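Read the structure below first, then the notes.
The values are calculated or read from the model by the stated rules, or taken from the named source; none is laboratory data. Note that the structure is a prediction, hence the values are computed from the model and not measured. Neighbour counts are summed over all protein chains in view; Cβ atoms, including those assigned to glycine, are modelled from backbone coordinates with ideal geometry.
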Amino acid sequence: MAIVKIRVHVADVLLGVPAADLDVVLRHRSGPRWQAVVQGRTDTGGDLDLWAGDALRPGVYSVVLDFEGYYAMLGISALLVRGLTEFRIGHESGDLALWIQVAPDSCDVTATTA
């Protein structure tokens, strides 16, 4: 089974709240370059169904989080400009959930598949 859904759950551990209105981009590596696949913004619960459609082709992907824009909206200066995680999608993967904890100076990601 191939990946047909990617959901991100983002929590702001500095403030102890879901990271609402955080811009997120899904990218695919094509040779030495990255290509944007889709982008979105987390809801008030810090959740975003980033991909729900046709199966993604196998390869290396990344999720990029806009820390600078998110924390600027809150009046906080972020040390990190972006948070990012890279992962591989193969032929035998399931749906992917990324549980992400963010702060102006850190990003921790746990990935689960179903």
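Values as computed for the structure displayed
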quantity: Count - residues of the stretch 62-77 that are among the aliphatic types (A, V, I, L, M) and out of contact with any Ser or Thr (no Cβ under 9 Å at 6 or more places or on another chain); calculated: 4
quantity: Hey, V4 out of contact with any His (no Cβ under 9 Å at 6 or more places or on another chain), surrounded by 14 or more Cβ atoms within 10 Å (Cβ to Cβ), modelled with pLDDT of 95 or more and among the aliphatic types (A, V, I, L, M) or not; calculated: no
quantity: Boolean, V25 is among the β-branched types (V, I, T) and either out of contact with any Asp or Glu (no Cβ under 6 Å at 6 or more places or on another chain) or buried (at least 18 other Cβ atoms within 10 Å of the Cβ) (or both); calculated: yes
quantity: Any hit, the stretch 73-81, residues being surrounded by 12 or more Cβ atoms within 10 Å (Cβ to Cβ) and within 13 Å of the chain's Cα centre (by Cα); calculated: no
quantity: Pairs with Cβ under 8 Å, 6+ apart, first in the stretch 28-56 and exposed (fewer than 14 other Cβ atoms within 10 Å of the Cβ), second among the acidic types (D, E) and assigned to a loop (DSSP other than H, G, I, E, B); calculated: R41/D21
